Structures are given as structure tokens and as C-alpha cells.
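The values are calculated or read from the model by the stated rules, or taken from the named source; none is laboratory data. The structure presented is a predicted model; accordingly, all values stated were derived computationally and were not measured. Neighbour counts run over all protein chains shown; Cβ positions are idealised from the backbone, glycine included. Note: areas computed on protein heavy atoms with side chains; ligands, DNA, RNA excluded. Shrake-Rupley method; radii C 1.70, N 1.55, O 1.52, S 1.80 Å.
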2 protein chains.
Amino acid sequence: MNLAKFKVGLVQMSCETGLDENLHKALRLIGQAAQQGAEIVCLQELFRSQYFCQKQDTAAFDLAEPIPGPSTLALGEAARQHEVVVVGSLFERRDAGVYHNTAVVLDADGSLLGTYRKMHIPDDPLYFEKYYFTPGDQGYRCFDTRFGRIGVLVCWDQWYPEGARLTALQGAKLLVYPTAIGWHPAEKAQYGAAQHDAWRTIQRAHAIANGVYVAAVNRVGHEGPPAGGLEFWGGSFVSDPFGTILEEASHDREEIVVAECDLTHLETVRRNWPFLRDRRIDSYGPIVNRLIDPK
Amino acid sequence: MNLAKFKVGLVQMSCETGLDENLHKALRLIGQAAQQGAEIVCLQELFRSQYFCQKQDTAAFDLAEPIPGPSTLALGEAARQHEVVVVGSLFERRDAGVYHNTAVVLDADGSLLGTYRKMHIPDDPLYFEKYYFTPGDQGYRCFDTRFGRIGVLVCWDQWYPEGARLTALQGAKLLVYPTAIGWHPAEKAQYGAAQHDAWRTIQRAHAIANGVYVAAVNRVGHEGPPAGGLEFWGGSFVSDPFGTILEEASHDREEIVVAECDLTHLETVRRNWPFLRDRRIDSYGPIVNRLIDPK
């Protein structure tokens with residue numbers, strides 16, 4: 001059996017204070033990723049601005065835009081021009097008072113294939129996302145792009161095996177996670193390595209459990225007050241269906257990561273360790289509980 | 001907040017051809033683990049015999065026994081004598097033609113707290129388990145032992161995030177996986193390291209996703225024809241709720257691994273990265289599907 005291959009490219013960048021600067025940088029790097037052979041180019045979470053969720057500020061809602069809107073227009077144009085699929089991540093204004101953290105998928109002809117609205121919303125010191133984003137109401141989604149069927153999830157979704165599973169069950173062969181995760185500088189020395197390793201480990205595990213490629217694309221650089229703020233840890237990577245890291249970026253530089261996804265390899269992995277064959281679908285119903293209280 | 005601590009001990013051993021030899025070795029090592037401070041002692045999968053599932057043989061059903069039966073009697077006596085909880089793994093004869101791969105939990109007073117019948121059954125070259133074991137029909141279970149609430153799953157269950165989740169949701173703070181996994185000697189050079197790493201990674205991910213301790217206890221040594229057979233890879237380990245390996249055994253020696261589970265640390269991990277808070281239980285229903293076909 002000889003199945004398709006495609007190359008995924010991850011654009012890991014730092015964000016400036018200007019929205020347009022970030023858009024122009026992203027468009028330039030999409031072109032560069034395409035030149036390096038990428039066919040599916042993925043941008044980090046909320047790439048158009050610095051990570052505004054570090055504080056609660058009504059003025060920050062001005063950063064949001066409709067979808068389709070100016071960003072999808074620009075990304076679609078880049079997709080069409082370079083003949084690549086583009087996965088972007090935007091602050092969506094759906095209606096007055098209804099905002100989402102939304103991924104968009106542009107096909108290689110520039111058309112908007114659809115959106116995924118982040119389902120799991122964090123809320124922790126300097127990550128005040130429940131203030132800005134109402135949780136997604138579309139469920140988990142797949143997109144048939146020119147180069148293959150992919151699924152998109154966003155950042156905090158990374159910690160939920162259910163999200164990966166429900167996307168993979170729809171036939172996605174690559175899960176993409178646009179991300180904005182970093183260290184609290186005061187915690188980095190003690191917990192930084194373990195935090196990064198946990199993040200990397202659970203996503204590699206989604207690849208293993210589901211027999212899919214997984215790509216995480218994260219921002220880099222320090223944002224916020226010099227004495228505090230967040231140091232985004234980069235480390236964008238692509239894992240194969242066995243959890244092997246194919247390519248991985250640094251913690252502190254803007255980089256483009258390009259890796260090949262080979263569906264023949266995916267087929268081989270799933271034949272040799274056929275986890276999807278043996279799922280006990282008769283027994284998983286109670287997973288919809290918050291906790292399961294003793295009888 | 002100052003919560004309980006307990007020590008878990010994993011008995012990683014090789015198996016001889018004689019059933020009684022293996023029982024006596026296990027009983028001796030339970031005593032040794034207790035001496036080293038273990039309060040919950042876990043044996044590897046099907047510790048009473050060599051791994052008979054390498055071939056299909058009706059005579060091998062003679063190895064099975066009822067539960068309660070001779071093994072639970074002996075393990076209960078050891079538990080009572082050393083005042084430790086014992087997690088064992090047995091080939092259960094439930095009725096003529098109905099056999100299970102069953103974990104047993106003996107409390108520190110020697111009483112049989114209950115059983116868990118392996119839910120996910122593999123079937124691969126040299127692991128012909130679907131021939132021997134009918135899948136469990138009790139679902140996922142927790143046990144309130146003298147030292148804490150624990151869950152038990154068995155080997156192939158390791159690859160299923162749903163099993164770990166459904167056990168953790170019942171309040172287990174430690175998931176124990178008795179295991180018999182090894183390398184095909186002919187594959188070891190090429191795939192061995194990646195196979196072991198995938199196994200270790202997905203179980204660390206269960207710890208991270210659920211904020212629980214995870215312990216895997218595996219057998220060691222070569223069994224079967226010298227030119228083929230299986231080389232069980234040992235590597236028994238305990239992971240903390242952040243996926244950090246606390247203790248880990250070698251690939252080739254009989255060993256006892258002892259590690260402390262600290263529920264104050266578990267509480268801290270869950271407060272800092274509160275994944276259980278944000279589960280989208282309204283969206284997980286479709287996980288009971290084999291696949292989700294496109295609309």
C-alpha cells in the first residue's frame with residue numbers, strides 16, 4: 001500500500017505590539033514555509049497580537065474581528081498565492097458580547113474551509129481566557145484540505161484526550177494545535193522543565209493513542225512587564241503516530257519547522273499496534289460525567 | 001492543606017516454568033517490598049506463570065483458577081501478615097469456557113476487596129489474548145484500600161485514555177497497571193527504543209491528564225523459544241501527577257521499585273493546572289462511536 005504524503009510547516013514567531021506588523025510577519029513567513037516545501041502551514045494561537053489575556057481589559061475586545069473578515073481575507077490570499085493550506089488562529093467577534101478563540105482553515109485555493117472554536121477555555125493567573133472567550137459550540141471538527149484531512153484544536157484543548165480522540169475519530173490524520181503557552185518567569189527555574197515536558201508528553205500521547213500525526217505551534221518571546229509577564233516557550237514540534245518527534249523548534253527563536261506526514265507510515269503504525277480496533281465503545285458512556293460518585 | 005501519603009511498591013520479576021515457584025517468589029518479594037516501606041504492593045500481569053498467550057493451546061486453560069481461589073488465599077495471607085495492600089493479576093476461570101484476565105485487590109487485613117477484569121484485550125503475533133480472555137464486563141473500578149483509593153487496569157488498557165479517565169473520575173489517586181509487554185527479539189534493534197518510549201509516554205500522559213499517580217509493573221526476562229519468543233522489557237515505574245518519573249526499574253533485572261504518593265502534591269498539581277475543572281462534558285458523548293463518519 002502506498003498512500004499520500006504531505007509536508008506540514010509550523011510558523012513559530014514572536015509578536016510585536018502592532019497588529020499589522022504581526023500580520024505582515026505571518027504572511028512573509030507563510031511564503032517562506034511554502035518555499036521550504038510546506039503544504040500545510042500553521043500559525044500560532046492569536047498570532048495577530050501580543051497575548052492580551054494577561055489582564056482583563058474591556059478595551060482588548062477591540063482586537064476581535066468577524067470571520068470571514070480582514071485576517072481570513074489576507075490569509076486566504078496568501079494560501080492562494082503560495083498554493084498552501086493555511087491554519088490560522090483569530091480572536092473572533094461573533095456578535096456583541098459573544099467572542100471566541102477561533103481557528104480558521106484556508107484551503108490551497110484561498111477558500112475558507114471552516115472554523116473551529118476552542119472548546120476548552122483556561123483561566124489561570126495571566127491566562128484570563130474565560131473573561132474573553134465563550135466556549136466553542138461547534139464540537140470537534142475535521143477539514144478536507146487539498147493535501148489531506150486534518151483536525152484543528154487550540155492550546156488548552158491539548159490537555160484533553162477526549163478532544164484529540166473525537167477529532168481523530170472523524171478521520172483526521174494530522175491534529176494541529178495553535179498554542180500560546182509560556183513560563184511565569186518566577187516559576188521557570190523550579191518548574192519550567194517539567195511544565196514543558198508535560199505539555200510535550202501529553203501531545204505525543206495523543207499521537208500514540210490515536211495513530212495520528214500531531215503538530216503544536218507555539219509563540220516565542222517575552223510579553224508583558226519586564227519583571228513579570230510571560231516567557232512563551234516556543235518548542236513547536238511535529239510528532240509521528242508513534243510519538244516520535246520528527247522536528248522541534250528552539251525555546252527562544254523565531255523558526256519555521258517543516259516535517260513530512262506519511263500516510264503509509266501511519267497505516268503501518270496502526271496495523272502493528274491496532275489500538276483503534278479494540279476500543280470498548282460499550283463502556284465509555286460515563287465519560288460525560290464531571291466525576292463518578294461511589295455507588 | 002496536609003493530606004495523606006502512602007508508598008507503592010512494584011515487584012518486577014522473571015517467571016519460571018513452575019506455577020508454585022512463581023507464587024513463592026512473589027510472596028517472598030511482597031515481604032521484601034513491605035520491609036522497604038511499601039504499603040501497596042503490586043505484582044505484574046499473570047505473575048503465576050510464564051506468558052502462555054504466545055501460542056493458542058487448549059491445555060493452557062488448565063492454568064486458570066477461580067477467584068476467590070488458591071492464589072487470592074495466598075496473597076491475602078501475605079497482605080495480612082505484612083499489613084500491606086496487594087494488587088495481583090490472575091488467569092480467572094469464571095465458568096466453563098468463560099475466562100478472564102483479572103486483577104485482584106487484597107486489603108491490608110487480607111480481605112479480598114474486589115476484582116477488575118481486563119477490558120481491552122489485545123491480539124497480535126505472540127500475544128493471542130483474544131483466544132484466552134473474554135473482555136471484562138464490570139467496567140472500570142476503584143478500591144478503597146487501607147492506604148487510599150486506587151484503581152487497577154491491566155496492560156493493553158494502558159493505550160486507552162478512556163480507561164484511565166473513567167477510573168480517575170471515580171476518585172482513584174493511583175492507577176496501577178500490571179503488565180506483560182516485551183520486545184520481539186527480531187524487532188528490538190529497529191523499533192525497541194521507540195516502542196518502550198511510546199508505552200512509557202502514554203502512561204505518563206494518563207497521570208498528567210487526570211492529575212493522578214500512575215504505576216506500571218512489568219515482567220522481565222526472555223520466555224519462549226531461544227530464537228524467537230518475547231523479551232519482556234521490565235522498566236516498571238511510578239509517575240507523579242505531572243508525568244515526572246519518580247522511580248524506574250531496569251530492563252533486565254528482577255527489582256522492587258518503591259515510591260511515595262503524596263496527596264498534598266497531587267492537590268497542588270491539580271490546583272495549578274486544573275484540567276478536570278474545564279472538561280467539556282457536554283461534548284464528549286460521541287466518544288462511544290467506533291468512528292465518526294462525515295455528515
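Observations, loosely collected:
- Size descriptors for the protein assembly as shown, from the alpha-carbon set: Rg then Dmax equal 24.8, 75 Å.
- Volume per residue of the convex hull around the Cα atoms, evaluated for region A:1-89, comes out as 118 Å³.
- Were the residues from B:Q32 through B:E83 laid out at 0.36 nm apart, the gain over their Cα-Cα distance would be 17.1 nm.
- Efficiency of FRET from Cβ geometry, B:H222 and B:D124, R₀ 22 Å, rounded to 0.05: 0.75
- In region B:207-285, trypsin sites (Lys or Arg not before Pro) in a DSSP loop with at most 14 other beta-carbon atoms within 10 Å: B:R253
- Candidates B:G31, A:G243, A:L153 compared by Cα position along the dipole of the protein assembly as shown: farthest toward the positive end lies A:L153, with charges placed on Cβ.
- Once the convex hull of all Cα atoms in region B:187-252 is built, its volume per residue stands at 75 Å³.
- In the assembly of identical copies, B:D124 has its label point, taken 7 Å from Cα in the direction of the beta carbon, separated from the corresponding points by 3.3 nm (ascending, one decimal).
- Inter-probe distance in nm under a simple model that places probes 7 Å from Cα toward Cβ, at B:D109 and B:D62: 3.9
- Size of charge dipole - the protein assembly as shown - debye, nearest 20, with Cβ of Lys, Arg +1 and Asp, Glu -1, no other charges: 820
- Anisotropy class of region B:125-273 from Cα gyration tensor, a/c 1.5 cut: prolate
- Whichever aspartates and glutamates have a C-alpha closer than 20 Å to that of B:K5, once near sequence neighbours (fewer than 8 apart) are set aside: B:E39, B:E83, B:D107, B:D109, B:D144, B:D240, B:E247, B:E248, B:E260, B:D262, B:E267
- GluC sites (Glu not before Pro) lying in DSSP loop within region B:222-295, provided at most 16 other Cβ fall within 10 Å: B:E254
- Note on exposure: B:L263, B:L63 ranked by accessible area (1.4 Å probe, complete protein assembly) read B:L63, B:L263, with the most exposed listed first.
- Loop trypsin sites (Lys or Arg not before Pro), region B:1-98 (other Cβ atoms within 10 Å of the site Cβ: 10 or fewer; DSSP): B:K55
- Compactness relative to 2.2 N^0.38 Å, alpha carbon Rg of chain A: 0.96
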